[in-house]
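Following: one structure in structure tokens, then a few remarks.
The values are calculated or read from the model by the stated rules, or taken from the named source; none is laboratory data. Because the structure is predicted, anything quoted here is derived from the model rather than measured. Cβ sites come from the backbone with ideal geometry, for glycine too, and all protein chains shown count toward neighbours. Accessible surface areas use protein heavy atoms only, side chains included; no ligands, DNA or RNA. Shrake-Rupley method; radii C 1.70, N 1.55, O 1.52, S 1.80 Å.
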Amino acid sequence: MFYLNACGIVCALGDSHAQIKARLFAGESGVAPTDAWSAGRMLPLGRVASELPSVAHLPPPQRSRNNAMALAALAQIRPAVDAAIARFGADRVGVVVGTSTSGIAETERAMRRHALDGTLPGDFHYGQQEMASPAEMLARELGVGGPAYAHSSACSSSAKAMASAARLIKMGLCDAVLTGGVDTLCAFTVAGFSALESVSAAQCNPLSANRKGINIGEGAALFLMTAQAPPDTAPIALRGWGESSDGHHMSAPDPAGVGARLAMTQALERAGIDAAQIDYINLHGTATIQNDAMESRVIAALFGAEVPVSSTKPFTGHTLGAAAAIEAALCWLAMQDDNADGKLPPHLWDGAADAALPALNPVRRGAALGRPLRWALSSSFAFGGSNAVLVLGRTA
């Protein structure tokens, strides 16, 4: 069993469990218009407004807003992580995280300066944009000596990081792993998705006939994973995962969803359950024409039309490499003891179902199971055909 003992999360909904849950279950989006990363063009983005920790104490290659975001998530669970280090030893604790931006924003600022006067800022270091930076930084911050590395496979990054963390424990290489993902907004990402005509000028509208693309967001979610159940929180574990590769197109999913279905069935098989036992599905739900079409067909074929589904990207924006971990964290929050009625994350959209797609069961605002949420499945489908699916289960 791979228990998720503690969870730190920072996203557009807030920087505490209480704030995030209150806004999530009330159906209050954290996405808001800004032109901070798209000069002269207002776009709805999932921006983190919280003050972030200083990175001044870090070596120059690790001083980035991305790493500050990771430190903010770590701060929420630092006592539990420190206790695991004391219990197992520093060399038995690893760090595996997912990211897709790392310190690209710092490089953008440096290049703007260079364009003006031909010099780079004194605090700039090219290492800030290395993908492994958040993993190395967290390992250094904690003083741990176990494996420390990052996954960068676009939107599936942090799901793959969590699967890798479970493998490290299963192989006996670690007794505890800090795992999850972090990504921060930058102009490069906003411009890139805009060039693909994938960015919506309004709040994203997944599953709708009127959907026009994604809202980009930022945030971090970190879990302390061990093989032991937590002593003072609900026993929630990563029960299964599935990974596949479409090999179809660099930015478009396989319309038949063969790889997506394979990842889902692998996750169910590892969890030892069948599709009918899933209580709730957190969709990848990007609100792009092709993803929503593919995903809804796969869900309908494998799970039927009754299982409650929602995309939480209208709440947080699409947080790219951090998306899978943040969405797993939202499921984790919904599985806690204080949600005995099983309230579910609602699906924010205009209600205009696309008649060309199979009918699903989007969660209405205020909907609840009437019992605790025990099994949740969360999907992530990335550029390059990289698919990853997580199954979280409550064991008591």
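From the list 73, 110, 80, 86, exactly one residue is assigned to a helix (DSSP H, G or I), over 23 Å from residue 221 (Cβ atoms), out of contact with any Asp or Glu (no Cβ under 7 Å at 6 or more places or on another chain) and at pLDDT 95 or above. Which is it?
Among 73, 110, 80, 86, only 86 is assigned to a helix (DSSP H, G or I), over 23 Å from residue 221 (Cβ atoms), out of contact with any Asp or Glu (no Cβ under 7 Å at 6 or more places or on another chain) and at pLDDT 95 or above.
Among the residues of region 121-141, count how many are part of a loop (DSSP other than H, G, I, E, B) and of a type in the set (Phe, Trp, Tyr).
Going through region 121-141 one residue at a time, the tally reaches 1.
Quick one: would you say residue 290 is touching a residue at least 60 places away in the same chain (Cβ under 8 Å), open to solvent by 10 Å² or more (accessible area, probe 1.4 Å) and polar (S, T, N, Q)?
no
I'm told residue 391 meets every condition in (1) farther than 21 Å from residue 255 by Cα; (2) of a type outside the set (S, T, N, Q); (3) modelled with pLDDT of 95 or more; (4) touching a Pro at 6+ places or on another chain (Cβ under 8 Å) except one. Can you identify the failing condition by its number?
Failed condition: (4).
Please determine whether any residue of region 216-227 is over 26 Å from residue 3 (Cα atoms), modelled with pLDDT of 95 or more and surrounded by 23 or more Cβ atoms within 10 Å (Cβ to Cβ).
yes
Within region 89-107, which residues are part of a helix (DSSP H, G or I), among the small types (Gly, Ala, Ser) and surrounded by fewer than 17 Cβ atoms within 10 Å (Cβ to Cβ)?
Once the filter is applied, which keeps residues that are part of a helix (DSSP H, G or I), among the small types (Gly, Ala, Ser) and surrounded by fewer than 17 Cβ atoms within 10 Å (Cβ to Cβ), region 89-107 yields only 90.
With respect to residue 19, is the statement that it is part of a helix (DSSP H, G or I), in contact with a strand residue (DSSP E or B) (Cβ under 6 Å, 6 or more places away or on another chain) and open to solvent by 60 Å² or more (accessible area, probe 1.4 Å) true?
Taking the combined requirement at face value, the residue does not satisfy it.
Checking the condition in a helix (DSSP H, G or I) and closer than 17 Å to residue 323 by Cα, which residue from 194, 157 passes?
Criteria check complete, one pass: 157.
For residue 384, work out the one condition from (1) at pLDDT 95 or above; (2) open to solvent by less than 40 Å² (accessible area, probe 1.4 Å) it doesn't fulfil.
(1)
If you take the residues in region 352-381 that are within 15 Å of the chain's Cα centre (by Cα) and closer than 13 Å to residue 292 by Cβ, which one is surrounded by the fewest Cβ atoms within 10 Å (Cβ to Cβ)?
Top of the filtered list is 379.
For the list (1) at pLDDT 95 or above; (2) closer than 30 Å to residue 98 by Cα, I need the number of the one condition that residue 367 fails.
Exception for residue 367: condition (2).
For region 1-16, give me the residue count where each residue is open to solvent by 20 Å² or more (accessible area, probe 1.4 Å) and either touching a strand residue (DSSP E or B) at 6+ places or on another chain (Cβ under 6 Å) or part of a strand (DSSP E or B) (or both).
4
So which of 234, 322, 256 is closer than 15 Å to residue 380 by Cα and small (Gly, Ala, Ser)?
Criteria check complete, one pass: 322.
Condition first: more than 12 Å from residue 10 (Cα to Cα) and either assigned to a loop (DSSP other than H, G, I, E, B) or modelled with pLDDT under 95 (or both). Now tell me which residues in region 31-52 satisfy that.
31, 35, 36, 37, 38, 39, 40, 41, 42
Hey, any hits in region 295-311 for a residue that's touching an Asp or Glu at 6+ places or on another chain (Cβ under 9 Å), over 22 Å from residue 275 (Cα atoms) and not acidic (Asp, Glu)?
No: region 295-311 contains no residue that is touching an Asp or Glu at 6+ places or on another chain (Cβ under 9 Å), over 22 Å from residue 275 (Cα atoms) and not acidic (Asp, Glu).
With the condition kept exactly as written, say whether any residue in region 198-209 is in a strand (DSSP E or B), of a type outside the set (D, E, K, R) and open to solvent by less than 50 Å² (accessible area, probe 1.4 Å).
yes
Kindly indicate the residue of region 340-351 that is out of contact with any helix residue (DSSP H, G or I) (no Cβ under 6 Å at 6 or more places or on another chain) and buried (at least 17 other Cβ atoms within 10 Å of the Cβ) and also farthest from residue 395 (Cα to Cα) among those meeting that condition.
Filtering region 340-351 for residues that are out of contact with any helix residue (DSSP H, G or I) (no Cβ under 6 Å at 6 or more places or on another chain) and buried (at least 17 other Cβ atoms within 10 Å of the Cβ), the one farthest from residue 395 (Cα to Cα) comes out as 349.
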